[in-house]
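Quick notes on the structure that follows.
The values are calculated or read from the model by the stated rules, or taken from the named source; none is laboratory data. Please read these numbers as outputs of a predicted model, since none were measured by experiment. Here the Cβ positions follow ideal geometry from the backbone for every residue, glycine too, while neighbour counts run over all protein chains shown. Accessible surface is based on the protein model in full, side chains and every heavy atom, while ligands, DNA and RNA are left aside. Shrake-Rupley method; radii C 1.70, N 1.55, O 1.52, S 1.80 Å.
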Amino acid sequence: MDAESSPFESSEMLASFLASTPFLEASWGLCSFANAAAPGGFVAERRGGVGYLAFSSVQVIDGSEPSCGTPVELAEWGCEDLFSPLRCDGDGDGEETVKVDAGFLRLFLEFYRRPDFRNQIQEFLGKVKMIILTGHSFGATTASLTALWLLSHLQPVAAPISVLCLTFGTPLLGNKSLSRAILRERWGGSFCNVVSKLDVMPKLFFAPLASLTPQLHLLLQFWQVATVSPSLEHLVGELRKQNFDEFFSNVKDRVEDAAKSEGEAKNSLFWPLGSYLFCSEDGAICLDNATSVVKMMHLMLETVSPASSFEDHLKCFEDHLKYSYYTGQLSSQFLKRININGLSASSYEAGVSLALQSSGIDPQDDNISRPAKNCLQMARHMGHAPNLNNAHLAIRLSKMTPCRAQLEWYKARCEEPGDQLGYYDTFKKFGASRRESKIDMNLFTLAAFWDEVIGMAERNELSHDFHRRSKWNNASHFYMLLAEPLEIARYYRRGMHLEKGHYIKHGRHRRFQILDRWWSRRTAAAAQEPQQINNKRSRSRYAGLTQDSLFWAKVEEATDWLKNAKEETDANKLKLLLVNLNYFEEYAGKLIDRKDVSIDVLAKNSSYRLWDDEWKALKSKFPQPPPSDPAPSLMDCE
């Protein structure tokens, strides 16, 4: 067997850890208490250094209201700042923006606006080392969104508080872009969703909810009443009157479509996030690969025939309410020990077979057990261990050295005495020449490498702290400072700004946005360390590379403002242009004073020097503009 990692194996370690702690039973106990004692609310409890916050599943939302089952962008509800790291960095590469269910987002915002909720969170932040957010059914979605909000809030201040979200029978919360964004932020390990084998709630949102009424409305009522009332005969009688064969068939067809999409989820509005702990009467298995999670959901649902009796359907409905039993089972015995005679000598394959039986799937049913085993084995072959992938990438990074050296050589040649254009302007002017064409090829090779690195990081194929390690952070930042000026030059040489708009807002590749964020977060974290504060020394000579990779894009915008200012006749518009020009002059002047620019910025015929000369001539004709807010595109200059 080759030495590869397994998302299945690593998630099993997470599940084993949880089963060995009181977290699961304590969380479910508080969920049950919240359901009975705090309908529509939450309960909080502190146990040692752990703070628990459990949300009731009895919420004012159901499948009949328009918002339920409708994914919306965070910005539509004014929530972009609450979950700022989850913003999609799409640049036309086909990735959808991050979306969450409108009904569940509304529920979270109702809690977020409550003073008792905010006060409870604030109290935990000052007194505990770990916060566990938990909830059952609809309460689970509020727990998940609260965890995402906390992770987004705690990240900038590097607070030493762990956040763990443990949910039970949770419906799907958002789309695949949300799942990918959580992986990008390395938050996947903060979410563990306990799902019983027959529970249909976690599978509902694969199907359009409008196609499931009126059965869905009655089923949701059954679940909510069952959490607070021991007498359900009337509701069971009402359920019996409905034909659930079509209901189950519809859900199974949609889950099957998602399972067969190999992770593309083209027809699915919702997608799993975090780890899923699938439990049955025989034990449990845990998966943290979303594609494998969907496939396992489908296979477990396949054990229920569409033509099953009402009693079989009722077992599925009641399974959504049996998490007290399952958490007790998990805490006492995580994997059921069975006779492994006849199994392969491979300990891994033995483990897969054990896990398969623990999921409650009949090993004798080849139609289900074989694809289920393939599902677990597929997780194993997702790729090499993260640290091994890091090592392979390090070797490939060394092979990128000649490409990087070519760019450095080109920059040095551009700074030699001659036409006095400099690095940026030489490439912008002579991009079609033979020498510049070779530089173009090196840019393409480096871009492809870093795109692949970013892709692996987003797919969780690299170590969780990969983008914070000095080797990779420095290498990616150096690449950005070296390559992005030439990408900007190509953009303006081809006149793409005339078609799309200026580079910063309309032309910047997603690759540079992500690398820029990696660098910003590392420097922000370093600033939290006492020894790093006020430790920046002034340079004694100009930098080898301009320390703002967007400097030349800002020069191009400033040049455009200057041109418009010369032609503008409207006094108010002219005043705004002058304010923007004055702001850019101050910004560039600070960079130059700190020697944070390369010497080519000050070349006699560089775009910046030409702009500076023209601006000084124009400025002498106008009074000094009053202080004002800078242009939006320059808000991030300092």
Counting only C-alpha contacts under 8 Å and six or more residues apart, can you give the relative contact order of segment 387-483 as a whole percent? 36 percent
What's the ranking of 560-567, 547-554, 430-437 by average number of surrounding C-beta atoms within 10 Å, highest first? 547-554, 560-567, 430-437
Any lysines whose Cα falls less than 25 Å from that of Lys573, other than same-chain ones fewer than 8 residues away, would be Lys500, Lys505, Lys554, Lys563, Lys616, Lys619, Lys621
Starting with the highest mean, order 139-152, 99-112, 70-83 by the number of other Cβ atoms within 10 Å, averaged over the residues of each peptide. 139-152, 99-112, 70-83
Multiply the residue gap between Val228 and Gln242 by 0.36 nm, knock off their C-alpha separation, and tell me the result in nm, one decimal place. 2.7 nm
Ranked output for segments 492-503, 606-617 by mean other Cβ atoms within 10 Å, highest leading, reads 606-617, 492-503
List the lysines whose Cα lies under 26 Å from the Cα of Lys241, skipping any in the same chain that are fewer than 8 positions away. Lys197, Lys203, Lys252, Lys315, Lys322
Gain upon complete extension [Glu45, Met130; 0.36 nm per residue less C-alpha separation]: 29.4 nm
All other residues with a Cβ under 14 Å from the Cβ of Pro71 taken together, and with Lys, Arg as +1 and Asp, Glu as -1, what is their net charge? -1
Whole-percent carbon and sulfur share, accessible surface of segment 143-208, 1.4 Å: 60 percent
Rounded to the nearest 20 debye, what is the charge dipole size of segment 390-511 about its Cα centre when +1 sits on each Lys and Arg Cβ and -1 on each Asp and Glu Cβ? 120 debye
How charged is the neighbourhood of Ile132? Take every other residue with its Cβ under 15 Å from the Cβ of Ile132, and add Lys/Arg as +1 and Asp/Glu as -1. +1
Determine the order of Lys252, Lys429 by accessible area, beginning with the largest, at a probe radius of 1.4 Å. Lys429, Lys252
What residues have an amide H closer than 5 Å to that of Phe191, excluding those fewer than 5 places away on the same chain, when H is modeled at 1.01 Å from N in the peptide plane? Cys165, Ser275
Which FRET efficiency value, to the nearest 0.05, do you get for Glu96 and Asp253 by plugging their Cβ-Cβ distance into 1/(1 + (r/R0)^6) with R0 = 22 Å? 0.45
